[in-house]
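**Student:** Could you have a look at this structure, given as structure tokens, before my questions?
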Amino acid sequence: MMNQTEINTQVKEAKTKFAAMVGAYFFGVFNDNYYKQAAMLIAVTAGLSQLQGTATVLFSLPFVLFSAYGGWLADRFPKKRVIISAKTLELIACIFGAIGLILQNWNAVLAMIFIMGLQATIFAPALNASIPELFPESHVTKANAILKLMTTLAILFGLATAGISLDQNWMSTSIPFGIILVSVVVVGVALLGLICSLWIFFSPSKNPGLHFPKKGPWQSLVDIYELRSRPDLLISVFSSTFFYSVSTLAVLTINTLGLKQFAFSQTSTSLMSVALMVGVCIGAFIAGKISSVKNWFHLLPLSAGVMGFGLILMGASPYIPEDVRLASLFIILAVIGIAGGILIIPVTTYLQVKPQSHEKGKIIGIVNFSDFIGIIIAGEFYILLDHFFLPNQSMIVLAALALTYAAITTQVIKRFK
């Protein structure tokens, strides 16, 4: 057990290394969201709104197919090498994706989104499993709150600047200037992310004799099934999956709500998603102050209940007067985001701290597998919602999901007491 002086020294030494980790993560998350949002806005404008669901599924599919391998790489090899390899793959993908966007080749655009998902599958377990190695346990929640804050800001900037970039027309070009601007930005940001990864701290492999998971996705399913004997981890995985599934549906529905139902501009529509992510940032900060590894589960039902109430208000958005509608939606989405941030930060921390050192990559791989199964289902579910419901009606469906989760976790938490 370290004394306070030793803890302070470790934290001080970790700050520079942590900054490099945050930078690598920030730029990667920005690119994921900037490129996807730009492609989705172009698709919706072209009358191809269902491509949003397709893109979501393609980005998520690598997490389902390869999460077991991503977790294995994080435990089997030095994490810094895994991270640099993933960021190199991201740069290559962005170059081809930029070309596809300029040529308006949707097959190339969707292929790039798939490859971005693949590199994230490799990158995420290695980086997230590094945090408990860098900080003492008492500071992991705070580190996660900072990381979540920064990556949520990256999502925020990605979503906001995608619409803004597409609306730019600095010069006359045969290809819309906004598309050229997006293409240049994604390549430049990928390069910055690769540079940051070079400064991430090096630590030896934690399990050099770990066998390759030949069963792939099936192994991930087996691993989840085996968590039935560890209910605290199982409810954590379930909670993470709930958060990312509902968040995905919300962002996709926001795009159609803004562009198709209310005829907002691409910039205003993107800023609605920004409001949601600003809320998540605030929620992450609050969670870092009020939660710990010991009391995390008490926040789940309340947070989900607030999310559900906010989504009900989104469903009633057509009844908000037009002159205050956009501002009202910003506020409602920010509240939903705050609740989501308070929910996800302690869950993320618990999933990093609780597993043993030799299995952290494996557990994070399980989480990624489960999260993106949920996101794929969300993408397909969005296609159904888009076909049968108006966007505001879809928000009511999301509210029902959030309130159902709140009811389930209320019953589960009673068993923990």
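The values are calculated or read from the model by the stated rules, or taken from the named source; none is laboratory data. What you are looking at is a predicted structure, and each value in this text was computed from that prediction instead of being measured. For neighbour counting, all protein chains shown are included, and Cβ atoms are generated from backbone atoms with ideal geometry for every residue, glycine included. These accessible areas exclude ligands, DNA and RNA; they are computed on the full protein's heavy atoms, side chains included. Shrake-Rupley method; radii C 1.70, N 1.55, O 1.52, S 1.80 Å.
**Student:** So, taking all protein chains as they sit and a 1.4 Å probe, how much accessible area belongs to Lys80, in Å² rounded to tens?
**Tutor:** Rounded to the nearest 10, the figure is 50 Å².
**Student:** When we measure straight from the Cα of Lys17, which lysines land under 16 angstrom away, once same-chain ones fewer than 8 places off are left out?
**Tutor:** Within reach: Lys79, Lys80, Lys142.
**Student:** Right, something else. So which helices of the chain fit the span-like rule, where a helix is a whole DSSP H run, its Cα atoms reach 20 Å or more along the axis, and its mean Kyte-Doolittle is at least -1.0? Walk me through the numbers on the way to the answer.
**Tutor:** Values: long enough: 4-45 (57 Å, 0.06); 51-76 (37 Å, 0.83); 79-102 (35 Å, 1.30); 106-128 (32 Å, 1.45); 137-166 (44 Å, 1.03); 177-197 (31 Å, 2.77); 231-256 (38 Å, 1.17); 266-290 (36 Å, 1.43); 300-315 (23 Å, 1.77); 322-353 (48 Å, 1.69); 360-388 (42 Å, 1.11); 391-416 (38 Å, 0.86).
Counting only whole DSSP H runs, the qualifying helices are 4-45, 51-76, 79-102, 106-128, 137-166, 177-197, 231-256, 266-290, 300-315, 322-353, 360-388, 391-416.
**Student:** Over 27 Å, how big is the tail of the calculated P(r) for region 193-342, in percent of all Cα pairs?
**Tutor:** Numbers: 5052 of 11175 pairs.
So the pairs more than 27 Å apart make up 45 percent of the total in region 193-342.
**Student:** Which value in deg cm²/dmol, rounded to the nearest 500, describes the helix-derived mean residue ellipticity at 222 nm for the chain, given -39,500 (n - 2.57) per DSSP H run of n ≥ 4 and division by the residue count? Write down the numbers at each step before the final one.
**Tutor:** On the way: 14 runs with 334 residues, N = 417.
One gets -28000 deg cm²/dmol as the mean residue ellipticity at 222 nm.
**Student:** Filter the trypsin sites (Lys or Arg not before Pro) in region 224-303 to those in DSSP coil with at most 15 other Cβ atoms within 10 Å of their Cβ, and list the result.
**Tutor:** Numbers: sites: Arg228, Lys260, Lys289, Lys294; in loops: Lys294.
Sparse-neighbourhood loop trypsin sites (Lys or Arg not before Pro): Lys294.
**Student:** A further question on this structure: Quick one: in region 257-376, what % of C-alpha pairs are over 19 Å apart? Display every interim value, and only then the final one.
**Tutor:** Details: 4055 of 7140 pairs.
Looking at region 257-376, the distances longer than 19 Å represent 57 percent of pairs.
**Student:** Moving to a separate point now. Report the far tail of the P(r) of region 218-294, meaning the percent of Cα-Cα pairs longer than 17 Å.
**Tutor:** Values: 1851 of 2926 pairs.
Here the tail beyond 17 Å accounts for 63 percent of pairs.
**Student:** Full extension from Ile331 to Val222: what is 0.36 nm times the residue separation minus their Cα-Cα distance, to one decimal in nm?
**Tutor:** Details: separation 109, 0.36 × 109 = 39.24 nm, distance 4.20 nm.
That works out to 35.0 nm of additional length.
**Student:** Another question about this same structure. Run down the lysines and flag those whose C-alpha is under 24 Å from the C-alpha of Lys260, throwing out any fewer than 8 positions away in its chain.
**Tutor:** By straight Cα distance, Lys260 reaches Lys36.
**Student:** Right, here's the next one. May I ask you to give the solvent-accessible area per residue for region 165-300, in square angstrom, as obtained with a 1.4 angstrom probe?
**Tutor:** Working: 6320 Å² over 136 residues.
Per-residue value: 46 Å².
**Student:** Can you give the Rg/Rh ratio of region 84-144, where Rg is from the C-alpha atoms and Rh is the Kirkwood radius?
**Tutor:** Details: Rg = 16.0 Å, Rh = 13.2 Å.
Ratio of gyration radius to Kirkwood radius for region 84-144: 1.21.
**Student:** Once the other residues with Cβ under 13 Å from the Cβ of Ile155 are scored (Lys, Arg +1; Asp, Glu -1), what is the net sum? Mind showing how you got there, number by number?
**Tutor:** Numbers: positive: Lys36, Lys148; negative: Asp32.
Combined, the nearby Lys, Arg, Asp and Glu give +1.
**Student:** Kirkwood Rh over alpha-carbon pairs of region 83-200, then Stokes-Einstein at 20 °C and 1.002 mPa s: what D in µm² s⁻¹, rounded to an integer? Please list the in-between numbers first.
**Tutor:** On the way: Rh = 15.9 Å.
It diffuses with D of about 135 µm²/s by this estimate.
**Student:** Further, regarding this structure: With the crude spin-label approximation of a point 7 Å out along Cα→Cβ, what separation in nm comes out for Ala316 versus Gln104?
**Tutor:** Placing both labels 7 Å beyond Cα along the Cβ direction yields 4.3 nm.
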